[in-house]
1. Filter segment 87-132 for residues that are of a type in the set (A, V, I, L, M) and near the ligand (Cβ under 10 Å from one of its atoms); which is modelled with the highest pLDDT?
2. Could you check how many residues of segment 5-59 are modelled with pLDDT under 80 and either outside the structural domain of residue 80 (by TED's automatic domain parsing) or of a type in the set (A, V, I, L, M) (or both)?
Amino acid sequence: MSSSIFDTVKDVVSDAAHVVAQKSGELIDVSKTKYAIFELKGEIRKLYNEIGKLMYQSFADGVDNDDDIKLKCGIIKAKYAKIRILESNAEDIEFKCPKCGSPNDADAEYCSSCGANMTVDVHGAVEHEEDE
Ligand SMILES: [Zn+2]
């Protein structure tokens, strides 16, 4: 069973490596990154929950769930690693105003110095204004 544990953890980690590769390539959409972190945290919560059930089973019914628990712990660890990577990515690009370059809070919707909209893509996807 140890090989499957290894594979699963490896998958999650290589997924994280992919995120790093993305970083050097193009700017990552901050809101997307934040959503990914939010999702990962939800997945981790679910895993904790599952581990709790497995622990209960092994104590209450004497079922040996050690492998399963170890596997899930490994996945949680990898997911935390991924969150750290995502967070450091988000720090790099967050949160300079696309207009004036002043640093802002990660949650800021508008620049605190010039009032520019911070939720538009930092990479320069300027909102399209149509002439009528
Ligand atoms: Zn600004």
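1. 116
2. Residues meeting the conditions: 12.
The values are calculated or read from the model by the stated rules, or taken from the named source; none is laboratory data. Note that this is a predicted model, so its numbers are computed, not measured. All Cβ positions, even for glycine, are placed from backbone atoms using ideal geometry, and neighbour counts span all protein chains on display.
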